[in-house]
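Here the structure is laid out as structure tokens; the discussion comes afterwards.
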Amino acid sequence: MRVPLFLADEQVAFETILHPPAFTAARRARFLGVSGKDLAKCVLLRGPRGHVLAILPATGRVDMTAVNDAVGGPVQVACREEIPQVFGDCEWGGLVPFGRLYGLPTLLDDSFDPERALVFEAHSHAQAIRLRCRDFERLEKPRRLRLASQPSGRFLPQLRQPQ
């Protein structure tokens, strides 16, 4: 199910934002003019009981030790070919943070403030959605924990600008 339809059906206030295609979280944040701390990136992980969806700030990296502890066994980042198998209604390589719509458990980094806006990719590399994190949590019911390692105010690695 498309996230905008799901949110409308659930009567949740949200904003759809169109932007130039962005294939990285860093570029999406620049196009949208939002902090990487407020932009959610989704990472598909493969664990002992199947796939798990991790949601963390675009500025962070997945702390695999924390996730291993949370899911009770070793996890690894899913390979690129697995993403369209799970998120078949998204553009190739695209993920959305509503794992329950795809039968996935969802983990949310505890750095996201429930009272602030959460911005994320929406099925297309040229569309984002903004909604209150509290509303996201009410609908998705993710497990909150410290998922991100190396939090910083900048993106890792730095992208070189074309000259």
Those residues of the stretch 69-79 that are under 30 Å from Arg30 (Cα atoms), surrounded by fewer than 16 Cβ atoms within 10 Å (Cβ to Cβ) and not polar (S, T, N, Q) come to a total of 2
Answer yes or no as to whether Glu91 is among the acidic types (Asp, Glu) and either farther than 22 Å from Phe6 by Cα or touching a residue at least 60 places away in the same chain (Cβ under 8 Å) (or both). no
Only one of Leu5, Leu18 is surrounded by fewer than 12 Cβ atoms within 10 Å (Cβ to Cβ), more than 16 Å from Phe112 (Cβ to Cβ), among the aliphatic types (A, V, I, L, M) and touching a residue at least 12 places away in the same chain (Cβ under 8 Å), namely Leu18
Margin query: Checking the structure you have, find out if any residue of the stretch 37-50 is under 13 Å from the mean Cα position of the chain (by Cα), more than 20 Å from Asp89 (Cα to Cα), buried (at least 16 other Cβ atoms within 10 Å of the Cβ) and not basic (Lys, Arg).
Written below: yes
**Message:** Any residue at all in the stretch 53-68 that's surrounded by fewer than 18 Cβ atoms within 10 Å (Cβ to Cβ), modelled with pLDDT of 90 or more and under 20 Å from Ala26 (Cα atoms)?
**Reply:** yes
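Residue-wise test of (1) at pLDDT below 95; (2) closer than 19 Å to Arg27 by Cβ; (3) touching a strand residue (DSSP E or B) at 6+ places or on another chain (Cβ under 8 Å).
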residue: Glu81; (1), (2), (3): yes, no, no
residue: Gln127; (1), (2), (3): yes, yes, yes
residue: Glu140; (1), (2), (3): no, no, yes
residue: Leu147; (1), (2), (3): yes, no, yes
residue: Phe155; (1), (2), (3): yes, yes, no
Checked against (1) over 23 Å from Ser149 (Cβ atoms); (2) touching a Phe, Trp or Tyr at 6+ places or on another chain (Cβ under 7 Å); (3) of a type in the set (A, V, I, L, M, F, W, C), Ala126 satisfies every condition except (2)
- With respect to Arg130, determine if the residue is under 22 Å from Leu5 (Cα atoms), of a type outside the set (A, V, I, L, M, F, W, C) and within 13 Å of the chain's Cα centre (by Cα). yes
Exactly one of Leu5, Leu95 is closer than 15 Å to His123 by Cα, in contact with an Asp or Glu (Cβ under 8 Å, 6 or more places away or on another chain), of a type outside the set (Asp, Glu) and modelled with pLDDT under 95, and that one is Leu95
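The values are calculated or read from the model by the stated rules, or taken from the named source; none is laboratory data. These numbers come from a predicted model, not from an experiment. Cβ sites come from the backbone with ideal geometry, for glycine too, and all protein chains shown count toward neighbours.
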